[in-house]
Each structure stands twice: as C-alpha cells, then as structure tokens.
Amino acid sequence: MEQLLNALINGILLGGVLALLAFGLNLIFGVVKIIHMAYGQFVMLGFYIIYFFCATLGLPITMSVIIGVVIMALFGALTQLSLIKPLLSAPRVNQLLALASLIIIVENLAMFIWGADYRGIPMDMPIIEIGTVFIRSSYLFAFIGALAVLGLLYLFLHSTFTGLAIRAVAQDMEVAKLMGVNPGLIYYITLMTGGALTGVVAAFFVPIYTVHPHFGSSFTIMAFIIVVLGGMGNLLGGFISAFIIGIVTSVAAVLTTTEVADIVVLVIFIMVMLVRPQGILGKGVAT
Amino acid sequence: MLKVENVTAFYGEFQALSNITLEVKAGQTTIVLGPNGAGKTTLLKSICGLEKIRSGAVYFENQRIDTMNTHKIAELGIALVPEGGRLFPNLSVYENLKIGAYLHKARKNFQETIEEIYSLFPILKERAKQIAGSMSGGERQMLAVARSLMSKPKILILDEPSAGLAPKIILHMFSFVEKIKKSGYSILLVEQNAMKALQVADYAYLFESGKIVFEGGQEDFDKNEYIKKAYLGL
C-alpha cells in the first residue's frame, strides 16, 4: 500500500515533467503541422551544452542553463530556416525523413564532441521523507519547475497578441494571414519556443540523469506517444496524457518490473489507439 | 480606391477570371453578382493575395498589390470576411475579436475599438467568453464581420455573407451591412442574393463564367429586363 502511494506520487511528479517534454513537440505539430522527429535528441543536446558550460568551463549552473536555453532556441530557429522552411510544401514523407535525419546528425555530433561516455553534473539533491512517502527532491524540483513553465506558456498563448496569433495559425492559417499575421514569423517563434523548451527540459533532467549520445531517443518516443495519445496538436490532451503515462509507468513498475511497465504503457497506448485513433481529446481530423 | 485591371486568374487548370476590370470607389458599396462558379470568390482571393493572378494588376490607393503577401495586403487596410465567416473555432468570441486587432496600428486602440464593436453588436459582449465554434450561423457571420472591423480597415470585402443563413437572419445581415456602410466604410460585397444586394449597392457588376457581362447602378439593373430575367431571377 505504501509502495503504491509512493509510486502514485512519483508518477504524478514524472507526469509533470513529461507534460513539459511533450508540450514543445505538440505545439510545433499544432502550428507548423510537422513532426519534429529529433525532439528528444534536442533535449540531449541541451543537456550536453549545459554540461559543457557548467562542468567543462566551470560557469555557475544557473548561467549555464540560461546559455543552454538560448542556444537551444537558436537551434530551433536554425531547424526552421534550414530544414522546415524549404520543405513546407513538400510531401509529408520527405518532411519526416528530413527531420529524422536530424536524429543521426545530432547523435553523431554529440558522439564526435563528447564521446560515448556517460556524463553528468554531480549535485546534492536530498530525498524528502514525509511519513512513509519518499520523494526525490530532484523530481519535485523538476515537477514544480515544469508546471511553472507550462503556466507561463499558457499565459503567453492566451493573453498576448503573439500567443493568440500562434493559436490562430494552428487553427486556420489562411484566415490568420487575412488578419495580418505573418505565418513565417509565427513558425520561427514556434520553433524557437520549442527549442528553448528542450533546453528547459534538459535543465530539469540535469539533477536526475547522466547524458550520453543516445539519451534522447527514448524521450522522442515518449513525447510522441504522449502527443498522439492526447490528440495531436491538442495541448490539453497532451497535458492529461502525460500524467496518465507518468502514473501508469510508475505504478506498473512497482507492481511488476520497469521492463514490464514499459510494455504495459505501450499496450494501453495501442488499445486507446484502436478505440480512439484521434487520441483522447483529438478531433479526428487528419491535419 | 481599389482597382482591378485586366486580371486573369486560374483555379487549378480552370480559368476562373478572364480579363476582369473593375473598381471600388471610396465610401461606396460595390457589389459583384453572379451564379456559383462565376469567379467571384477567385476575384476576392486574388485581391487579398490568397491566389496569384496570371496576368493583369490590382491597385489599392495607387499602389500595386498583386505581388504582395496576404499579411502585407492586410496591413494596407484591406479586410476580407471569407465565405462562411471562417472564425477560429477554438478561440473565444473575445479572442476572435482580439486577433482581428493584430495589426500594429489596431493594437494601440484595441480597448476603444472593442467597445465600439460591442455597442454595434451587443450580443458579442454577452457572448465574449463563449467558444466561437459553438455559436449559431448568423452569430458567426456577425462575429466574422466584427472581427474584420477590429482592424479599422479602409475597405471591407464580404464574400457571400448571406450564404447558408435563414431568410430572417439574411435581413439582419443586410441591415448590418447598411449600418457599416453608413459609418463610412468602402465595401466590396459578393453575393448570390441579387435582390437584397442591389438594394445596398452604389454600383454593381454581374459576373458569368469569369467575365463581366453587365455593370451599372441600381437603375441600370432595374431597367434591363433581360438581365433581370436571365441572371437575377427577378
């Protein structure tokens, strides 16, 4: 019973971080209608960049994180400029392959620069004990941080003209143009927001994980599953499904083993897809 | 104010406009009549840069606009209300109005303009928080017009505002058009509902198969029995 309670709480904490992870991928899909296949790899790259400035150059961790987030935002803009923009009217499969190629580029780049070793920034994050519940403060920190960032994103999308324009482009690009919105600019802002978010997620991962060149792939898949389960492009759906995945992963791991937990998650995912292929909150439109 | 000169445009392989020349004068309501497929919507899309024209030119206040991007054309003060309104369905009524004021000039006066719009369309104030997609057809059309007015355009272009609306709502719609006209807007209105549209028109063009087959004021249409019978069903 205590074990289950522990698993549930840790699942909720995990869900918050996953919600932030999936948000950027979801936003990019919703606005630009493109699947950023290398999203998890960008998180990996962000982790390395923070590691480089903090552990290699010896800068304070907060400054390293800020630099990491800015650089990742620029990588987002670069992705838009060099890959997405030229392929906007290309067939879907070409877009998908081009973005998939980013996986190889980013992973090999990391391998070339940092090698295959596991690297991390040692941090002293205590375990908090409340009665019989044990919470790792690194998870709690990531959870609170992720929710705070999601809150800021919500405000940005709902109360600024730029945020509103992003949502308008996602819903009807032609009419958004008639309102004077420049979709090219909105795409850049979206990719930069998504890029910055990979840096933010990386920052929250720093106290939890060590990084290696293939660190990103499982997060790409995780983010993709969350986005599809929630309904592609539906931000609220993604938020809900992140918590479902987080809790199921955590509770199933306690009841069985971590390996079986992954299977349970995927079985639930496939079953939902069979019943509701458009996802939990999806509208069932192919775009 | 707005001049379309010798414009030819294609819709896919199909020639939708051939050698169209027309003009909207400042402060006037100009209408384009014609059956489905006459090229009316293509004309409006060409003006707003949503379709590229094959030959000819479009001028707005003596500036050539047919080579410009849609959002740049919007900045000049041209606002199109697309057929069916095309609201952003998942945004609230208020948010739809707010995005209407996206242009830099319009943002500064946003609070003022929205109060004006609310006094013109009080129901939009009551429904401010409602999701646009959940409104009735007539309300949506009203909101679509209001959204375009939020940018304080110099010319308002309406694509079939009466399409799909109940007869009673159509009357409402046209009384709105009249109201907007009285407050000094230049209007270009495309309609299938010839009788209603002619009542608000200063000048009218009749399209068929991408060509202008007749043009003139209300009286000219009134006098021409053949045009009335053959095209307008009057």
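Among the residues here, A:SER138 does not qualify as farther than 19 Å from A:ASN26 by Cβ and within 14 Å of chain B (Cβ to nearest Cβ).
Which one of B:ILE212, B:ILE180, B:ILE170 is in a helix (DSSP H, G or I), hydrophobic (A, V, I, L, M, F, W, C) and open to solvent by 10 Å² or more (accessible area, probe 1.4 Å)? If you could, list the steps in order and put the result at the bottom.
Details: B:ILE212 fails: in a helix (DSSP H, G or I); B:ILE180 fails: open to solvent by 10 Å² or more (accessible area, probe 1.4 Å).
Being in a helix (DSSP H, G or I), hydrophobic (A, V, I, L, M, F, W, C) and open to solvent by 10 Å² or more (accessible area, probe 1.4 Å) holds for just one of B:ILE212, B:ILE180, B:ILE170, which is B:ILE170.
When the stretch B:21-60 is filtered for residues that are over 10 Å from B:LEU188 (Cβ atoms), surrounded by fewer than 24 Cβ atoms within 10 Å (Cβ to Cβ), in contact (Cβ under 8 Å) with a residue 60 or more places away in the chain and aliphatic (A, V, I, L, M), only B:ALA26 remains. Yes or no: A:LEU4 of a type in the set (A, V, I, L, M) and free of Cβ contacts under 8 Å to residues at least 60 places away in the same chain? Criteria not met by A:LEU4.
Within the stretch B:94-120, residues that are within 13 Å of chain A (Cβ to nearest Cβ) and without any contact (Cβ under 8 Å) to a residue 40 or more places away in the chain sit with their Cβ atoms under 8 Å from residues that are open to solvent by 90 Å² or more (accessible area, probe 1.4 Å) and outside any helix (DSSP H, G or I), at 6+ positions apart or across chains, in these pairs: B:TYR94/B:LYS129.
Here the helices (runs of 4 or more DSSP H) wholly within the stretch B:95-145 that include at least 2 residues being open to solvent by less than 80 Å² (accessible area, probe 1.4 Å) and not aliphatic (A, V, I, L, M) are B:110-120.
Selection of the stretch A:63-91 for residues being open to solvent by 30 Å² or more (accessible area, probe 1.4 Å) and of a type outside the set (A, V, I, L, M, F, W, C) yields A:SER82, A:LYS85, A:PRO86, A:SER89, A:PRO91.
Can you find a residue that is touching a helix residue (DSSP H, G or I) at 6+ places or on another chain (Cβ under 7 Å), at pLDDT 95 or above and either part of a loop (DSSP other than H, G, I, E, B) or β-branched (Val, Ile, Thr) (or both) anywhere in the stretch A:154-167?
Taking the stretch A:154-167 and keeping what is touching a helix residue (DSSP H, G or I) at 6+ places or on another chain (Cβ under 7 Å), we get A:156-157, A:161-167.
Keeping just the survivors that are at pLDDT 95 or above gives A:156-157, A:161-167.
Subset that is either part of a loop (DSSP other than H, G, I, E, B) or β-branched (Val, Ile, Thr) (or both): A:162, A:166.
Yes, some residue in the stretch A:154-167 is touching a helix residue (DSSP H, G or I) at 6+ places or on another chain (Cβ under 7 Å), at pLDDT 95 or above and either part of a loop (DSSP other than H, G, I, E, B) or β-branched (Val, Ile, Thr) (or both).
Among the criteria (1) in a helix (DSSP H, G or I); (2) more than 9 Å from every other protein chain (Cβ to nearest Cβ), the one B:ILE53 does not fulfil is (1). Taking the numbered list (1) out of contact with any Gly (no Cβ under 6 Å at 6 or more places or on another chain); (2) open to solvent by 20 Å² or more (accessible area, probe 1.4 Å); (3) in contact (Cβ under 8 Å) with a residue 60 or more places away in the chain; (4) not hydroxyl-bearing (Ser, Thr, Tyr) in turn, A:MET273 passes all entries but (3). Here the stretch A:174-207 is the region considered, the condition is being in contact (Cβ under 8 Å) with a residue 60 or more places away in the chain and open to solvent by 40 Å² or more (accessible area, probe 1.4 Å), and the residue that is nearest to B:ALA101 (Cα to Cα) is A:TYR188.
For the stretch A:97-153, which positions are open to solvent by 40 Å² or more (accessible area, probe 1.4 Å), hydroxyl-bearing (Ser, Thr, Tyr) and part of a helix (DSSP H, G or I)? Across the stretch A:97-153, the qualifying residues are A:SER101, A:TYR139. Scanning the stretch A:208-225 for residues that are among the aliphatic types (A, V, I, L, M), modelled with pLDDT of 95 or more and open to solvent by 20 Å² or more (accessible area, probe 1.4 Å) yields a count of 0.
The values are calculated or read from the model by the stated rules, or taken from the named source; none is laboratory data. Bear in mind the structure is a predicted one, so any value in this text is a computation, not a measurement. We place every Cβ from the backbone using ideal geometry, glycine too, and count neighbours over all the protein chains shown. Ligands, DNA and RNA are stripped out before the accessible areas are found, and what is left, the full protein with its side chains, is counted by its heavy atoms. Shrake-Rupley method; radii C 1.70, N 1.55, O 1.52, S 1.80 Å.
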